[in-house]
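**Q** One structure coming up, written as structure tokens, with questions to follow.
The values are calculated or read from the model by the stated rules, or taken from the named source; none is laboratory data. In this text the structure is predicted, and so the values were computed from the model without any measurement. Ligands, DNA and RNA are stripped out before the accessible areas are found, and what is left, the full protein with its side chains, is counted by its heavy atoms. Shrake-Rupley method; radii C 1.70, N 1.55, O 1.52, S 1.80 Å.
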Amino acid sequence: MLLENQNLPYYQSYPGVFGADYLSQLQGEILACPYFALNNLNRDFVGTKGFSLVFQKTQISEVIQNFPYFKPYLERAIRPECNAFYLNPLLLVGGSRVDPHIDRSLRSYCETIDPPLLVSVLYVQVCKDLQGGELVLRCEKRQVGQINPQVGNMVIFQGDLTHSINPVSTANSKRLSLVCEQYSLDEFELREIPLFKIESRAIKKDNRKKGKFNH
């Protein structure tokens with residue numbers, strides 16, 4: 001069942017979307033994934049870890065075939081009007097932060113792409129002693145939301161909002177989320193996007209050639 005946006009301004013929060021069993025499995029699979037490494041994202045992501053999947057709507061079944069533990073999340077999160085996606089697990093620990101930015105991850109493939117239609121965030125793991133790590137949303141310079149991460153909650157926000165994550169101040173705390181930028185591209189833009197590609201610092205440069213995961 002897809003989550004509905006309800007046409008609320010800026011963002012919507014959905015508590016307890018997934019149960020403890022799935023979240024525990026998802027956490028274990030992400031942290032054990034061979035692609036999980038120091039983040040391949042830009043310099044706004046300070047001290048974070050993860051990996052990224054780029055894919056078109058036509059390749060969702062291939063994503064699920066190779067990453068079956070993402071299936072329940074994708075079935076709930078993906079919007080039917082979107083046709084290209086940037087999915088990334090994101091781990092913050094003590095000292096990590098994400099500086100203010102607007103998501104445009106697919107611009108590395110097509111410079112004319114606008115920000116995503118929306119961004120979906122599922123909180124997979126949040127340590128009980130976590131201090132900091134709040135998601136802060138801004139429209140231009142005005143703050144329009146601050147979300148405290150809660151395990152099992154999903155947040156959907158407008159893709160054109162500036163957002164950041166406050167520094168995690170507790171030394172041994174972990175904050176693991178699963179983030180999906182969802183784009184609605186025209187035919188020209190979509191031609192520039194890989195059908196399915198993995199981005200990870202764990203992939204050696206000489207292996208980053210077209211193949212099974214980079215069509």
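**Q** Enter the accessible area per residue of the chain (Å², integer; probe 1.4 Å; all protein chains in place).
**A** Result: 49 Å² of accessible area for each residue.
**Q** Mind running the shape call on the range 134-179? Use the C-alpha gyration tensor, a ≥ b ≥ c as the square roots of the eigenvalues: rounded below 1.5 for a/c, prolate if a/b tops b/c, oblate otherwise.
**A** Here the range 134-179 falls in the oblate category.
**Q** Over the range 130-183, what percent of the accessible surface lies on carbon and sulfur atoms, probe 1.4 Å? Kindly include the intermediate steps, with their values, before the conclusion.
**A** Working: 870 of 2160 Å².
Roughly 40 percent of what the probe reaches on the range 130-183 is carbon or sulfur.
**Q** Just to be sure I follow the rule: in the chain, considering lysines 8 or more places apart or on different chains, how many pairs have Cα atoms under 26 Å apart?
**A** Lysine pairs satisfying the spacing and distance rule in the chain number 25.
**Q** Show the residues, 5+ positions off or on another chain, whose built amide H is closer than 5 Å to the amide H of residue 117.
**A** 182, 183, 184
**Q** Could you tell me the center-to-center distance, by alpha carbons, between the range 31-85 and the range 88-137 in angstrom?
**A** So the separation of the two Cα centres works out to 12 Å.
**Q** Out of the total accessible area of the range 52-126 (probe 1.4 Å, heavy atoms of protein only), what percent is carbon and sulfur?
**A** Within the range 52-126, the accessible surface is 48 percent carbon and sulfur.
**Q** Further, regarding this structure: Whole-Hz ³J(HN,Hα) for each residue in the range 31-37, computed from phi via Karplus 6.51 cos²θ - 1.76 cosθ + 1.60 with θ = phi - 60°, x for glycine and proline: what do you get?
**A** 5, 8, 5, x, 8, 6, 7
**Q** Can you give the Rg to Rh ratio of the chain, both from alpha-carbon atoms, with Rh computed by the Kirkwood formula?
**A** Working: Rg = 16.2 Å, Rh = 17.4 Å.
Here Rg/Rh amounts to 0.93.
**Q** Can you work out the Karplus-derived ³J(HN,Hα) for every residue in the range 165-182? Use 6.51 cos²θ - 1.76 cosθ + 1.60 with θ = phi - 60°, whole Hz, and x for glycine or proline.
**A** Karplus-based 3J(HN,Hα) across the range 165-182 equals 10, 4, x, 7, 9, 8, 4, 9, 7, 10, 9, 10, 10, 10, 10, 9, 7, 10 Hz.
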